[in-house]
1. Test each condition in (1) at pLDDT 85 or above; (2) on the phi > 0 side of the Ramachandran plot; (3) not aromatic (Phe, Trp, Tyr) for A:GLY254 and report the one that comes out false.
2. Of the residues in segment A:368-395, how many are aliphatic (A, V, I, L, M) and in contact with a Phe, Trp or Tyr (Cβ under 8 Å, 6 or more places away or on another chain)?
3. Spot the failing condition for A:PRO204; the list is (1) in a loop (DSSP other than H, G, I, E, B); (2) free of Cβ contacts under 8 Å to residues at least 40 places away in the same chain; (3) farther than 18 Å from A:ILE455 by Cβ, and only one is missed.
4. Condition first: small (Gly, Ala, Ser) and facing another protein chain (nearest Cβ under 8 Å). Now tell me which residues in segment A:415-429 satisfy that.
5. Checking the conditions here, which among A:ALA398, A:ALA377 is buried (at least 21 other Cβ atoms within 10 Å of the Cβ) and assigned to a helix (DSSP H, G or I)?
6. It is to be established whether one or more residues within segment B:68-84 are under 24 Å from B:ALA137 (Cα atoms) and basic (Lys, Arg).
7. Test A:ARG426 against the stated conditions and say whether it is charged (D, E, K, R), over 23 Å from A:PHE500 (Cβ atoms) and out of contact with any Gly (no Cβ under 6 Å at 6 or more places or on another chain).
8. Of the residues that sit in segment B:44-67 and are buried (at least 22 other Cβ atoms within 10 Å of the Cβ) and within 11 Å of chain A (Cβ to nearest Cβ), which one is farthest from the chain's Cα centre (by Cα)?
Amino acid sequence: MTAGRVAAGCVFAVVLAPLAAVIWRAGGLSGFGAAEWAAIRFTVVQAAVSAVLSVAAAIPLARALARREFPGRGVLVTLLGAPFLLPVIVAILGLLAVFGQAGLLGRGLGLLGVEAPRIYGFHGVVLAHVFFNLPLAVRLLLQGWLAIPGERFRLAASLGFGPSDVMRHLEWPMLRDVVPGLLAVIFLICTTSFAVALTLGGGPAATTVELAIYQAFRFDFDPGKAALLSIGQLILTGLAALAAARIAIPANFGDGLDRTARRWDATALWLRAQDALLIGAGGLFLLLPLGAITAQGLAAFARLPDAVWAAAARSLVVALVSAGLAIGLALALAVAASRKSRSPGFELAGTVGVAVSPLVLGTGLYLLLLPVADPVALALPVTALANALMSLPFAFRALLPAARAAERDYGRLADSLGMGGWARLRRLTLPRLRRPLGFAAGLAAALSMGDLGVIALFADPEFATLPLQVYRLMAAYRMEEAAAAALLLLGLTLALFWAFDRGGRGHATV
Amino acid sequence: MLRFDGVEVRQGDFVMRADLALTPDAVTAVIGPSGSGKSTLLATAAGFVTPERGEVRIGGEPVTRLAPADRPVSIVFQDGNLFPHLDIATNLALGRDPGGRVAAYRDEIETALARVGLEGLGSRRPGELSGGQQSRAALARAFLRHRPVVLLDEPFAALGPALRREMLALTAEIFADATVLIVTHAPEDARAIAAETIFVDGGVARSPAPTAALLDDPPPSLRAYL
């Protein structure tokens, strides 16, 4: 119980103190000028367009996946969970390799004598956001589809429903429930997106608030302006988080999505062709960029500079420390929350991270550290801390159901045997939570490994993490080395996730 | 040995009242319709539920404010008595020491396992045992705790009739010098094991009455239940 209180106290302190510093430094909203408003407008517009496009494309794709059984379906559904782990910078390089002017699409169109549309700017930002959020939308919609009881489809078949009747009576009511929350979640994710805007946006016409905060720091060295922008970002994400609070954060990847409901309404040949086309196009859209980056990266892998390996080592340490922090906090909070029937304080501490943007947090921490220490020297510890706070909501959501189940099934038994403190943790909690602990630790390590956020704010070239190193190579137009470093980053990220998740599954007992 | 002095438990709209004493070193059964308060009575004795009024006493001492583990009682639940991720020996060791150090209690554990007919099965996991064997292991741990009061909450409800009779006989045998309170929904279980029976109905636990007489000539509310 006390561990939970301490954890909740730490989380609130680490979130609220920087926010207080930001608000104090900004001293109100009076300093808002045209550039700040433009950043807010761009952030809102690109997030809204990204959310609508992601969901609009996800609906037919999820429906196709829900009603078709084909070889490789399981793999495809699993892959839909991958973009969540995928470092943003890797995906961006992949998208450039496919949709960039020197990419597959650009060269293909060049052969036809047509110039490819530029990927930088508004379209690029939206394209990358759709790449990341389309899979999330498909997975959540697929869950919705599979939650429609199979008996309903049997009833529909016995009443002779065609596809449009099924849509009206079965699918539309489900979509009406799921889609608004889904739009809000994707909107929220896109408002706090930094790395996409950093690499594909920029310029007065395509700067998000997060990017503007970064520019205020790095180029103008104006913490006051950064704080001012942070307030704007805070209000924006706060509103989006309130709207998104209705939908739960997904606690796992595609568990239970490995089945389809038998359908009788969609057997027509043209419907089957349509679904096959959708699934094929969706699969290509998600897989081509990763394939392209792998191919490019392999070619230059042997020539990776030493700086990249050093950055990789630093990133691994940051990821492990961050995962340890996130898991420690999530475990303490989940156990404390599981021992009460209502625990809004612990649940708030466990999920508050979704509503705080990394760059705002980074700005606040910078302002707090500045009087007492050199923030640049503390870049890596601060990054580990910020990353832990960002992955805490996912870790907490993964642990809470198992913690509740352990308490429900064995809490009284442990109480009757006087198992408290360490004995309870070692003999009851850790063994029962082993699997979600492994999953959550893998997730936290992978998210930290791939994060390009706070580190960009603080870092000097001496202490770059791997994602930052990839960005630097890319910004220097050393694209082959960037691709190879991105491939290394991708491999390390997936290996971290796999190792922890696997560790949680090994020797599984009941 | 175990007394409920004017105990009143409130859970939302539900109220359970008990003002009774158990015969020491004997088995007393608790029967009654579901939702009548049988399990609440047991949970109050075990310390999972705190009464609003009255006092629970064991051996004359008030225990109402004590945590479950600090009371001189052992409890066997309907299910979930064994941690599935720990072997049987560790599950038993937890009865003596919340840290579950097997080495310190090896002899006692072997004796307890032998007593319930599970010799040499200490290294198995609960999932590798049959339902009857799991019940035996749960009884062995309660035995190992050597507490003067043993509480059993429908412990054999999941077993078939023959196995249930066997377990009741084993319970009576190994807890011969303890005060035992056993909740059951089967009147024949009460007949088989308990000299006296508490009938709980509508949130009121009546004083223990001789089992045979109670079941042969039931009061109207018990007749309706039977």
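The values are calculated or read from the model by the stated rules, or taken from the named source; none is laboratory data. Here the structure is a predicted model, which is why all the values come from computation and not from measurement. Heads up, the Cβs are rebuilt from the backbone with ideal geometry, glycines too, and the neighbour counts pull from every protein chain shown.
1. Tallying (1) at pLDDT 85 or above; (2) on the phi > 0 side of the Ramachandran plot; (3) not aromatic (Phe, Trp, Tyr), A:GLY254 fails exactly one: (1).
2. Selection size over segment A:368-395: 5.
3. Result: A:PRO204 fails condition (2) only.
4. Within segment A:415-429, A:SER416, A:GLY418, A:GLY420, A:ALA423 meet the criteria.
5. A:ALA398
6. Yes, some residue in segment B:68-84 is under 24 Å from B:ALA137 (Cα atoms) and basic (Lys, Arg).
7. The answer is no for A:ARG426.
8. Here the answer is B:GLY47.
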